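Read the structure below first, then the notes.
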Amino acid sequence: MSADIKIILCIGLAVIFTDVGKSALIGKSHSKGNADPVLQYVVNNSLREHPVLTKLKLRTLEDPWNIMMVASEQAQFMANLIRLINASKAIEIGMYTGYNALSMALAMPENGIVVACEIVDTYIEIAKPFFKEAGAENKIDVWHQKAMRTLNDLIADGEAGTYDFVFIDADKSNYDRYYEKSLELLRKGGVIAIDNVLWSGKVVNPAPGDVTSQNLDNLNKKLHKDQRIELSMLTVGDGLTIAIKR
Ligand SMILES: C[S@@+](CC[C@H](N)C(=O)[O-])C[C@H]1O[C@@H](n2cnc3c(N)ncnc32)[C@H](O)[C@@H]1O
Ligand SMILES: *[C@@H]1O[C@H](CO)[C@@H](O)[C@H](O)[C@H]1NC(C)=O
Ligand SMILES: *[C@@H]1O[C@H](CO)[C@@H](O)[C@H](O)[C@H]1NC(C)=O
């Protein structure tokens, strides 16, 4: 992918994510201008953020694309899913500055491993010192290449059926492919969390030519019928689907 395309992709994401705060959805607690008192209440009364995660969040807020960062309250929910299923092997598709990768790693046992997929080297450089500061650098394996390639490499290495948890949060055009590869990599009872499935509510009635909303809508409808999984679609953040492999 060229640098230009990456920038366009980032701007597109940022524009769409900025919309989230204005939409009917509750959105993310760190979104600029999101003063939803219910969300504030939720954060005030349930967030338990590791001090290094707080520092990483503050550092990420200095980045122009910080709206891409996962919400702390959503990361905590996924860390708790990791604890519930006793996950020790996870994959994150789209790491950005590493907030959620670190959050997952901190919820895992000593032998836990997070395979973090990211293509932008400056984001990886921001993330790494925080992984080290939290003492989690040995639990996070950053693969600096396209996520599809990483998933195919893992399968080629004989890792199919061995992962406990996958978080899909990168380029939306590949979501269906990421989902299929993730199912292959998961063990029975493993969990896939898919972010942005409501796309600021645009999936309800995708505009003609809005390919991203159409793709996400198609994926949502495919999962609803997919007998390989159990599922829940949550109105958390920009919409989060939880799929459990049968
Ligand atoms: C929404 S952000 C991820 C946020 C992150 N999960 C967090 O915890 O804050 C999406 C990320 O996916 C990355 N990305 C986009 N296309 C990718 C690809 N084909 N392979 C790997 N990463 C990709 C982007 O550079 C961006 O950092
Ligand atoms: C949340 O906490 C902040 C900081 O202490 C406070 O200003 C705000 O009023 C609180 N909001 C709610 C809804 O609890
Ligand atoms: C959780 O997983 C670890 C290995 O990662 C294992 O030692 C432990 O027994 C597991 N605990 C439960 C409750 O399954």
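The values are calculated or read from the model by the stated rules, or taken from the named source; none is laboratory data. Given the structure is predicted, the values throughout are model-derived calculations rather than measurements. Here the Cβ is made from the backbone with ideal geometry for all residues, glycine too, and neighbour counts use every protein chain on show. When the accessible area is computed, the model is the full protein with side chains, heavy atoms only, and any ligands, DNA or RNA have been set aside. Shrake-Rupley method; radii C 1.70, N 1.55, O 1.52, S 1.80 Å.
Both radii are taken from the alpha-carbon atoms of segment 3-245; with Rh as the Kirkwood radius, Rg/Rh is 0.93. Close amide-amide hydrogen proximity is noted between SER29 and SER72, GLU73, each under 5 Å apart and 5 or more residues distant or on a separate chain (H modeled in the peptide plane; Pro and chain starts excluded). Charges only on Cβ, +1 for Lys and Arg, -1 for Asp and Glu: so what's the dipole of the chain about the Cα centre, in debye to the nearest 20? Once rounded to the nearest 20, the dipole reads 480 debye.
Averaged over its residues, the chain has an accessible area of 47 Å² per residue, based on protein heavy atoms and a 1.4 Å probe.
Just for segment 3-245, what percent of DSSP beta bridges are antiparallel, to the closest 5? Of the beta bridges lying entirely in segment 3-245, close to 40 percent run antiparallel.
Over 18 Å apart at the Cα level, from the set LYS146/LYS245; LYS146/LYS181; LYS139/LYS245; LYS146/LYS172, are LYS146/LYS245; LYS139/LYS245. Per-atom-type breakdown for the chain gives carbon and sulfur 55% of the accessible area (1.4 Å probe, protein chains only). Exceedance of the 32 Å cut-off in Cα-Cα distance is limited, within the set LYS132/LYS225; LYS128/LYS221; LYS202/LYS225, to LYS132/LYS225; LYS128/LYS221.
Entry note, the chain: relative contact order of 18 percent, from Cα contacts under 8 Å with a spacing of 6+ residues. Computing Rg and the Kirkwood Rh from the Cα coordinates of segment 32-117 gives a ratio, Rg/Rh, of 0.97.
Which shape class, rounded, prolate or oblate, goes with segment 170-246 when its Cα gyration tensor gives a ≥ b ≥ c as root eigenvalues, a/c under 1.5 marks rounded, and past that a/b bigger than b/c marks prolate?
Details: a/c = 2.03, a/b = 1.71, b/c = 1.19.
The shape class here is prolate.
All other residues whose Cβ lies under 11 angstrom from that of GLU92 are scored, Lys and Arg at +1 and Asp and Glu at -1, for a net of -4.
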